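First up is the structure itself, then whatever we jot down about it.
The values are calculated or read from the model by the stated rules, or taken from the named source; none is laboratory data. Note that the coordinates shown come from a computational prediction; the quantities given were computed from them, not determined experimentally. Reconstructed Cβ throughout: ideal geometry from the backbone, glycine too, with neighbour counts over all protein chains shown. Ligands, DNA and RNA are excluded from the accessible area calculation, which covers all protein heavy atoms including side chains. Shrake-Rupley method; radii C 1.70, N 1.55, O 1.52, S 1.80 Å.
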2 protein chains.
Amino acid sequence: MSSVEASSRSPASDPLARVAEELLLPLGVDGVHGRRAVYVEIYERLDAFITHQRDPACELLRFPPVMSRQQLERSGYLKSFPNLLGCVAALHGSEASIRAAADVHEQGGEWTRALSASDLVLSPAACYPLYPLAARRGPVQQNGLLFDVAAECFRHEPARTASRQQSFRMRELVCIDTAARALAFRDAWIPRARTLAEQLGLPCAIEPATDPFFGRVGQVMAVSQRQQALKFELLIRLQSDGAPTACMSFNYHLDHFGAVWEIGHQGGGLAHTACVAFGMDRLVLALFCVHGLDPRHWPQTVRKALSIG
Amino acid sequence: MSSVEASSRSPASDPLARVAEELLLPLGVDGVHGRRAVYVEIYERLDAFITHQRDPACELLRFPPVMSRQQLERSGYLKSFPNLLGCVAALHGSEASIRAAADVHEQGGEWTRALSASDLVLSPAACYPLYPLAARRGPVQQNGLLFDVAAECFRHEPARTASRQQSFRMRELVCIDTAARALAFRDAWIPRARTLAEQLGLPCAIEPATDPFFGRVGQVMAVSQRQQALKFELLIRLQSDGAPTACMSFNYHLDHFGAVWEIGHQGGGLAHTACVAFGMDRLVLALFCVHGLDPRHWPQTVRKALSIG
């Protein structure tokens, strides 16, 4: 192997690895990073850019990184993605039993056996807490519901590459309406997202996709999802080799959430839902990978889109 | 009891209860809320206001809501606050065992027994991940280190009042330096915080305080903390009755983190640390409780401080 080949395969020459090294900080666990000032600044500018792109009629809600375990269970998450779920566990019980667990740790023992599940999980996507909230408002009116939600999300999949973080920010635009209007919302966002990526100078492809359903049962679910064309992804190449990374997704859920949360539609039947998800941290990484580490040197059009002075 | 008395004790007349009802959304678990647009906007303006107040030399870092369990254990958290800790648990093991746990849930059983602790916990304060990062930079130089960190934090203490959330945002300014300079940083922030609260039109008191150390062992730690005057809090009255709420704290840790992470100081000995913590969600709630639900009608001086047009 020549030295050029060796260098081209070293992490330092991979744009993503270089970006991660300069802008993220390792926190001792794979897939969990601190973020430096310039990364935070571009994140906020991208967030504002998306706000300008979306329908101003959206109702904005922000969710914490944890949500009701019961709600996520009822949403069917355990059936589809049990391996990715992070559950909040705590020391419950009497003062004596909690102190005993802490003492086990002081003595070098395995104290975590004393933990038990709380009524909270880490949110695996930003929109799960929305559907029960929407359900409490009664049947969806003729003009439908449009939301702009966001949360720090978690998926239990430790990986070395910065493009697959365990803890990451997701923003979603969610439509709750008739089947036709939910599908139209999803479909209209595909060309809009292409334009958005163009404005940000990010070469991309938009392709049919499936969720990472778990195990053999999951393979059947994935086939069905693809056959019904329920999911598309916007893919950007962040690494010189390897597969491109999904930075946005366009999802039609049929009446899944309508049925789970009994959300009716004034026009009759159950409400259908669709969402456009922005993988915010992946989009920020993409901007740095494609345009370089210093936003002052990014193309004029990109700087204008992000209001970089 | 007259009807006036009855009304003054009803939740609706309590400013905090009213603010929570209008600006927060219940998510099915006590102490966990969604946030509406106007709340989010004031949050961002307060965040920018604090950025203008603090030393521009601060190094800005942002952390995710989860951190290394091993790091938190080493910090001594389990000894002091074992009851507040949220640990991330997941289904580990083979496809068959994970599917079996999911099936237990499908059949209405208690699937959470199959969970086991991961190497992550929910961060109980924003500054814990900072000290091991600082340690990797070697001995602290003569002019010390100054950081601006923030994270969504978690403490396992379900409560009905919005002033005690399980999931909340904390921003901290952290000084790592000699004993004298860390203490001076902490002490200088007490009058600065008073001015800051004045600019925001928030009547407050600043008083000696202790951390909520756990159990009988904890009482001894609290007495020692108070005797050494290590902690002060800025208190604001959010409820017409009940104790005022700590919205900021001013903490001197002696060489605790310096010793745990072996952070030396070029001037000799271990580095000492101090931090000023902003309870961001509590400060936002305080603004709405004191000034009302509509920021357009807040006092001119407060609107100017927060750049509300």
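Numbers at a glance
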item	result
Fraction of beta bridges assigned by DSSP in segment B:114-216 that are antiparallel (%, nearest 5)	100
Across the identical copies, how the B:Gly242 labels are spaced - nm, sorted shortest first, 7 Å along Cα→Cβ	4.8
Estimated translational D of the protein assembly as shown in µm²/s (Stokes, Kirkwood radius over Cα pairs; 25 °C; 0.890 mPa s)	95
Amide hydrogen neighbours beyond the local backbone of B:Glu59, cut-off 5 Å, H modeled	B:Leu146, B:Phe147, B:Asp148
FRET efficiency, B:Asn143 to A:Arg136 (Cβ-Cβ, R0 60 Å, nearest 0.05)	0.65
Within 10 Å of each Cβ in A:160-166, the average number of Cβ atoms from other chains	1
Chain lengthening between A:Val217 and A:Asp30 when straightened (0.36 nm per residue, less Cα-Cα)	64.5 nm
Under the Karplus curve 6.51 cos²θ - 1.76 cosθ + 1.60, θ = phi - 60°, whole-Hz ³J(HN,Hα) for segment A:232-245, x wherever Gly or Pro sits	10, 10, 9, 10, 10, 7, 9, 10, 5, 10, x, 6, x, 10
Computed [θ] at 222 nm, helices only, for chain B once each DSSP H run of length n ≥ 4 contributes -39500 (n - 2.57)	-11000 deg cm²/dmol
Charge dipole (segment A:75-128, unit charges on Cβ, about Cα centre) - positive-most of A:Cys87, A:Ala125, A:Thr112	A:Ala125
Amide H contacts of B:His156 (H built 1.01 Å from N, under 5 Å, at least 5 apart or other chain)	B:Leu85, B:Gly86
Test item: Cα-centred dipole of the protein assembly as shown, Lys/Arg +1 and Asp/Glu -1 on Cβ, debye	580
Segment A:155-218 - charge dipole about Cα centre, Lys and Arg +1 at Cβ, Asp and Glu -1, debye rounded to 20	200
Rg/Rg_globular for segment A:187-262, with Rg_globular taken as 2.2 N^0.38 Å and Rg from C-alpha atoms	1.27
Relative contact order (%) - chain A, alpha-carbon pairs under 8 angstrom, separation at least six	21
Coarse-grained scattering of segment B:81-234 at q = 0.13 Å⁻¹, given as base-10 log I(q)/I(0) from a Debye sum over alpha-carbon atoms	-0.87
Where N is the number of residues in segment A:1-138, Cα Rg divided by 2.2 N^0.38 Å	1.53
Under 19 Å from the Cα of B:Lys79 - lysines, other chains or at least 8 residues apart	B:Lys231
The protein assembly as shown - share of DSSP beta bridges that are antiparallel (%, nearest 5)	90
Antiparallel bridge percentage (DSSP; both residues within chain B; nearest 5)	90
Cα convex hull volume per residue for chain B (Å³)	178
Relative contact order computed over segment B:120-270 (Cα-Cα under 8 Å; 6+ residues apart), in percent	24
Bins of 10 Å from zero: percent of alpha-carbon pairs in segment A:25-80	16, 25, 36, 23, 0
Taking segment A:65-135 and dividing mean pair separation by its residue count, relative contact order in percent (alpha carbons under 8 Å, at least six apart)	50
For A:His297, solvent-accessible area (1.4 Å; no DNA, RNA or ligand), Å²	140
Tensor-based shape of segment B:97-174 (alpha-carbon gyration tensor, a/c under 1.5 rounded, otherwise prolate or oblate)	oblate
Rg/Rg_globular for segment B:145-303, with Rg_globular taken as 2.2 N^0.38 Å and Rg from C-alpha atoms	1.13
Per residue solvent-accessible surface (Å²) - the protein assembly as shown, probe of 1.4 Å	42
Trypsin sites (Lys or Arg not before Pro) restricted to DSSP loop in segment B:102-185 with at most 13 other C-beta within 10 Å	B:Arg136, B:Arg137, B:Arg160
